[in-house]
Structures are given as C-alpha cells and as structure tokens.
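First up is the structure itself, then whatever we jot down about it.
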Amino acid sequence: MKYIYLILSVIFFTGCFNGKAEKHEDHHDEHHDDHGEEVHLSELQFKNMNMELGKLQKMDIGEYVMTNGTLEVPPQNDAAVTAIIGANIKKIYVIEGEKVKKGQLLAYLYHPDLIKLQTDYQVKSHQLEFLKEEFERQKKLYDEKVGSGKEYQKASADYYSTLGDVNGLSAQIKMLGLNASKIKSGQIFENVPVYAPLSGYIKAVGVKTGQYVLPQTEMFHVINLEDIHVDLMVYEKDVAKVKEGQKVIFTTEMHPEKIRTASIFNIGRAFEEGPKAVHLHADIHDLKEELISGTYVRGKIMFNSNEVSALPKAAVVQEGTEHFVFTVEKEGKEWSFKPVQVNIGNEDNGQIEIKLLEEVEISADFALNNAYYLMAEMKKAEAEHHH
C-alpha cells in the first residue's frame, strides 16, 4: 500500500489545493497500481474544504421520463366574478394578490336598472297577492258551477303569468346578493354588493371605479391555491411508461434550487396536437403556500424504481471509464481518504446508485463531496512520485 502524506495549503474561497506532497512507499499488500494510495488532510484543511462525511444510504432510485408543464388549480378553485347585470362600479375594496374569504365584500355596483329591478319586484309581488286571491275566488266559483269558465281561465292566466314574473325577478335579486323579503316590504338598495365566491387570492382586478361593466365582464379573478397541482405534458412515446401513483420530482422556474415531489393522480385520455402529448396531473406533497398558479415547472416521472445504495453525485469521480468514491478514516490528527472503485446506476434528486466492486465495512464513512479535488491531488502526487 502506498501512502501519500500531503501538506496542502488550502485557500477557502478558491477551493484549490496548493502545496507539496510527501511520498512514502510501503511494498506490502499492494493491490492497485493506480489507485491504491491515500490522501491525508489535516484538521484545518478538512475544515476549510467544507468536507462532508456520511454512509451509504438506501434509496428508491429508478428510471424516469423527463417532462415539463405548469402549476394549475382545478376549475372549482378558479372563479371569475362578473356583474350579472350591467352596472357601474361604485367602490372597490380589494387589490391584486390580496387574500380573501368566501363571502367577503369585493365591490359595490350602482345603476338605475338595479333600482328598477327592485321596484318591478315590489309591484309584481303586490299584484301577485291580488291575483292569487282573484284566482282562488274564481276557482271556487267555477268548481261550484256558479262562475264563468272564461273568467276562471283569465284569472288563472293572470295569476300564473305574474307568478312567473315574480319568481324570475326574485331569482335575479338573489343572484345579486340582495334580500328579496326586505325589498318586497318596501326597502330599496341603491348599491349592490359583489362578494367573493370562494376563499383564496385575488389573481386579477379587471375594473376601476366608475366604470360601466356588462353582465359578461370579468371584474375579479379569485383563485384558491389549496388544491394547486402539477399539470405535466407527456409525449406519445412515453405515455405507456406512466401510471397513477408514480412519483414525480420537479422544480419551478421561480425556485429552481428547491426540489419538490408529487404523485400522479390523473392521466388524460386524449392526445393534444402540436406537440402530440397527454396531460397528467400530480398532487404536490410538500407545503404549497409559496406556489403560484401558472408557474412553469420541469419534472421527472419515476418508474421501475428499486431500493439501492446511493451517495451524492459530488461523492463520485470518473477516471476514464472507471468511477471511484472515497472512504474516510480519522488517523490521529489527520483524515485519511482512500479511493474505492464502484459502478454507478441511475440518478435521482442529486443522488446516484452505487455498486461497490470491493468489500467495504458496513460502518465505513464516505466523502460526500470534493471527490474530483481528492482525485486530482492524488494524481498530482502520483505523478511527482514517478518522477
């Protein structure tokens, strides 16, 4: 076994190795000509390099399908608030991005047509009371065969026609959020309130004070993010690989450094053209408060996953066609790093499958980062040794 004792001058902000390596040879039990050496670091060097240690971890890692899409909410959590009837905006009580509760006042409307709607309801309601009495009187006379059938038919037609008018006006009044009973008793509301149809956030305000809005005008857009989910597109060649319940790993355009997970709960049954792909929906596992509907996402759909041994990608270094990791031991005041050849497998969430090609103690610690730096310094010292 060859040992290389390195006296390194480590500059923290560059992460570079500088210094000279002292080489000592031990010709006993030598198995690897190229990588049978050890790198030694002092406590200070170890600290300045921010070395991280850990053991092989068991993880579910498999194949995956690359995909992209957006964050969306279901239709029942996305509401457009319209005026229902043409009117002017008297006052607005919310702004974009504001959190609201279901039934919260958003604005007031006013217009002569709103006053006329209420007065028409009052008039028709009072007429209905009279016509109902006349209808019942004529019906009784007709049933007793002392009344005219023509008069009974007229009373019936007038009553049911007016009843239809009253019911229609009453429905409009209720849709506007007004109290029909108070209006019937003589009260008139000059302003009509506009309420939030659901709890959530004001995504958009499409009106301003004094503006006249048509019945189909979207005044406010309210969105509830509680059920926000990932809407992904899967191309035709990959559709057969995806199933409900599969894990999705994704990042958002807003926070690309934060890795999130989700599970597929629905897969579309029709292809979209240009490109030919199917929509699938995945429920997000972690906290959703900071997520915004419409945000672009990139994701991986995992399949054929198995429990394997894994280390961070930064723990692996490639030399030609071979891959190595470093085991770590504390030797007095120094840290000893020994290369171990491995085969690598699939990657997932920054972790990579590790297949050891030589026996390593179960309790062994591994360097979780700086593998390239350790290998580079080892090669440097080895080159000096051969000279």
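The values are calculated or read from the model by the stated rules, or taken from the named source; none is laboratory data. Remember, it's a predicted structure, so these values are computed and weren't measured experimentally. No Cβ is skipped: glycine too gets one built from the backbone with ideal geometry, and neighbour counts run over all protein chains shown.
Report, by residue number, each residue of the range 212-241 that is farther than 30 Å from G103 by Cα and buried (at least 20 other Cβ atoms within 10 Å of the Cβ). Give the derivation first.
Pass one, the range 212-241, residues farther than 30 Å from G103 by Cα: 232-241.
Hits for the range 212-241 are L232, V234.
Which of the residues that make up the range 279-292 are modelled with pLDDT of 90 or more and more than 25 Å from D60 (Cβ to Cβ)?
The answer is H279, and nothing else.
I want to confirm something. Restricting to the range 266-297 and keeping residues that are of a type in the set (D, E, K, R) and within 29 Å of K99 (Cβ to Cβ), which single residue is surrounded by the fewest Cβ atoms within 10 Å (Cβ to Cβ)?
Of the range 266-297, the ones of a type in the set (D, E, K, R) are 269, 272-273, 276, 283, 286, 288-290.
Next, from what is left, pick out any that are within 29 Å of K99 (Cβ to Cβ): 283, 286, 288-290.
On the way: D283: 15, D286: 10, K288: 15, E289: 7, E290: 11.
Taking the candidates together, the pick is E289.
Provide a single number: the residues in the range 321-344 that are over 16 Å from F46 (Cβ atoms) and either of a type in the set (F, W, Y) or at pLDDT below 90 (or both). Write out each step before concluding.
Just the residues of the range 321-344 that are over 16 Å from F46 (Cβ atoms), to begin with: 321-325, 339-344.
Those left that are additionally either of a type in the set (F, W, Y) or at pLDDT below 90 (or both): 324.
Of the residues in that region, 1 qualify.
Would you check if K140 is at pLDDT below 90, in a helix (DSSP H, G or I) and of a type in the set (K, R)? I'd like the intermediate steps shown before the answer.
Numbers: at pLDDT below 90: yes; in a helix (DSSP H, G or I): yes; of a type in the set (K, R): yes.
Against the criterion (at pLDDT below 90, in a helix (DSSP H, G or I) and of a type in the set (K, R)), K140 qualifies.
Would you confirm, using the coordinates I've provided, whether K90 is out of contact with any strand residue (DSSP E or B) (no Cβ under 9 Å at 6 or more places or on another chain), under 30 Å from V205 (Cα atoms) and among the charged types (D, E, K, R)?
Numbers: out of contact with any strand residue (DSSP E or B) (no Cβ under 9 Å at 6 or more places or on another chain): no; under 30 Å from V205 (Cα atoms): yes; among the charged types (D, E, K, R): yes.
Taking the combined requirement at face value, the residue does not satisfy it.
Collect the residues in the range 183-208 that are more than 24 Å from D78 (Cα to Cα) and not charged (D, E, K, R), keeping them in residue-number order. Before the answer, list the steps.
Restricting attention to the range 183-208, the residues satisfying the condition of being more than 24 Å from D78 (Cα to Cα) are 183-191.
Of everything in the range 183-208, those that are more than 24 Å from D78 (Cα to Cα) and not charged (D, E, K, R) turn out to be I183, S185, G186, Q187, I188, F189, N191.
Yes or no: E129 touching a residue at least 12 places away in the same chain (Cβ under 8 Å), assigned by TED's automatic domain parsing to the domain that holds V194 and in a helix (DSSP H, G or I)? Explain how you work it out, then say what you get.
Working: touching a residue at least 12 places away in the same chain (Cβ under 8 Å): no; assigned by TED's automatic domain parsing to the domain that holds V194: yes; in a helix (DSSP H, G or I): yes.
Against the criterion (touching a residue at least 12 places away in the same chain (Cβ under 8 Å), assigned by TED's automatic domain parsing to the domain that holds V194 and in a helix (DSSP H, G or I)), E129 does not qualify.
For N266, all conditions in the list (1) touching a residue at least 24 places away in the same chain (Cβ under 8 Å); (2) touching an Asp or Glu at 6+ places or on another chain (Cβ under 9 Å) hold save one; what is the number of the exception?
Condition (1) is where N266 drops out.
Do the conditions hold for L280, that is, is it part of a strand (DSSP E or B) and more than 30 Å from H111 (Cα to Cα)? Full working, then the answer.
Numbers: part of a strand (DSSP E or B): yes; more than 30 Å from H111 (Cα to Cα): yes.
Against the criterion (part of a strand (DSSP E or B) and more than 30 Å from H111 (Cα to Cα)), L280 qualifies.
Does the range 33-83 hold any residues that are under 22 Å from H279 (Cβ atoms), part of a strand (DSSP E or B) and not aliphatic (A, V, I, L, M), and which are they?
Matches in the range 33-83: E63, Y64, T67, N68, G69, T70, E72, D78.
Please go through the range 206-259 and give me each residue that is more than 30 Å from Y110 (Cα to Cα) and among the basic types (K, R), ordered by number. So that I can check it myself, show each step before the final result.
We begin by selecting, within the range 206-259, every residue more than 30 Å from Y110 (Cα to Cα); these are 225-259.
Selection gives K237, K241, K243, K247, K258.
When you look at I173, is it surrounded by 16 or more Cβ atoms within 10 Å (Cβ to Cβ), closer than 30 Å to E347 by Cβ and either modelled with pLDDT under 90 or not aromatic (F, W, Y) (or both), yes or no?
Details: surrounded by 16 or more Cβ atoms within 10 Å (Cβ to Cβ): yes; closer than 30 Å to E347 by Cβ: no; either modelled with pLDDT under 90 or not aromatic (F, W, Y) (or both): yes.
So I173 fails the test.
Residues to consider are E347, E322, E353, E334; find the one that is surrounded by 14 or more Cβ atoms within 10 Å (Cβ to Cβ), within 15 Å of L53 (Cα to Cα) and in contact (Cβ under 8 Å) with a residue 12 or more places away in the chain.
On the way: E347 fails: within 15 Å of L53 (Cα to Cα); E322 fails: within 15 Å of L53 (Cα to Cα); E353 fails: within 15 Å of L53 (Cα to Cα).
The conditions single out E334.
For the range 143-180, which residues satisfy the criterion of being closer than 30 Å to H111 by Cβ and either in a loop (DSSP other than H, G, I, E, B) or aliphatic (A, V, I, L, M) (or both)?
Residues of the range 143-180 closer than 30 Å to H111 by Cβ: 161-180.
Matches in the range 143-180: L163, V166, L169, A171, I173, M175, L176, G177, L178, N179, A180.
Of everything in the range 167-196, what is farther than 20 Å from L128 by Cβ and polar (S, T, N, Q)? Give them in sequence order.
If the condition is that a residue be farther than 20 Å from L128 by Cβ and polar (S, T, N, Q), then N191 is the only one that fits.
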